[in-house]
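For reference, the structure discussed in these notes is given below.
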Amino acid sequence: MSRISADFTLALGIASVLTLWPNKFREAVSTSPLIPKVEHRKVVYEGYFDVQVEMLSLPHTLQPIPYTSLLCAEEATVVIAETEDGRLVVNKEYRHPSGLWLYGFPGGRLDGGETPLMAGTRELREEAGFEAVSWHYLGTAFSLPAICSQKVHYFFAEKAQQTTAPQKEPLELISTLLMEKKELLEAIRAGAPTDGILLTALSFLTLARQGT
């Protein structure tokens, strides 16, 4: 069979499948967005993060498909803190799943009743021992949308200075560094292990400065 004949046969086959598809599937493909229907959900593990399995129905599948996700705190905050001499407060933190010490910024999930700003102020103080004079909201992004629904708020804090000793939790293995932005970017370019949330934070800061 020639290449042209094979392509023509394939096209006819696709056209036949399209003709046989249920109307609701063709309608779903032509309209957006498509949101799967949750048929059932169950928490299969409870811990610091709960693990949930949902059965999702989609118009192009015959049977529901299992989807596993983490039940995280709904909101978290990350802080880019800058000292009066222009250096950034950077965490070098051990992240066990990676087995590496990663560059990151202070931050964490919101405690009960906290606003994002309150959480940012607390996390900067607890993880690094710093407080800042002026705070600016940068934006919000979903950090790990494939596995959890957590929304992260980003702040830029100016005139930061150390006022107390850090008050870290037992598993918070953190070394606080003061780095010029240029120095941090050079380390990232050189391949230094980096938390992706830090890169999102720097992107938000760049966007904010471009708008001023």
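Computed values, structure above
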{"quantity": "Those GluC sites (Glu not before Pro) in the stretch 107-212 that DSSP places in a loop and that have at most 16 other beta carbons within 10 Å", "calculated": "GLU114, GLU172"}
{"quantity": "Segments 135-142, 93-100 sorted - mean Cβ within 10 Å per residue, highest first", "calculated": "135-142, 93-100"}
{"quantity": "Under-5 Å amide H pairs with GLY139, H placed in peptide plane, nonlocal only", "calculated": "TYR154"}
{"quantity": "The stretch 75-210 shape via C-alpha gyration tensor axes, a/c threshold 1.5", "calculated": "rounded"}
{"quantity": "Label-point gap, in nm, between ASP85 and GLU46 - each point 7 angstrom along Cα→Cβ", "calculated": "5.1"}
{"quantity": "Modelled label reach - GLN161, point 7 Å along Cα→Cβ, the stretch 67-89 residues with backbone N closer than 20 Å", "calculated": "80-89"}
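Each reported figure results from applying straightforward, stated rules to the coordinates on display, with no laboratory input. The structure displayed is predicted, hence computed values, not measured ones. Here Cβ is always computed from backbone atoms with ideal geometry, including for glycine, and neighbour counts include all displayed protein chains.
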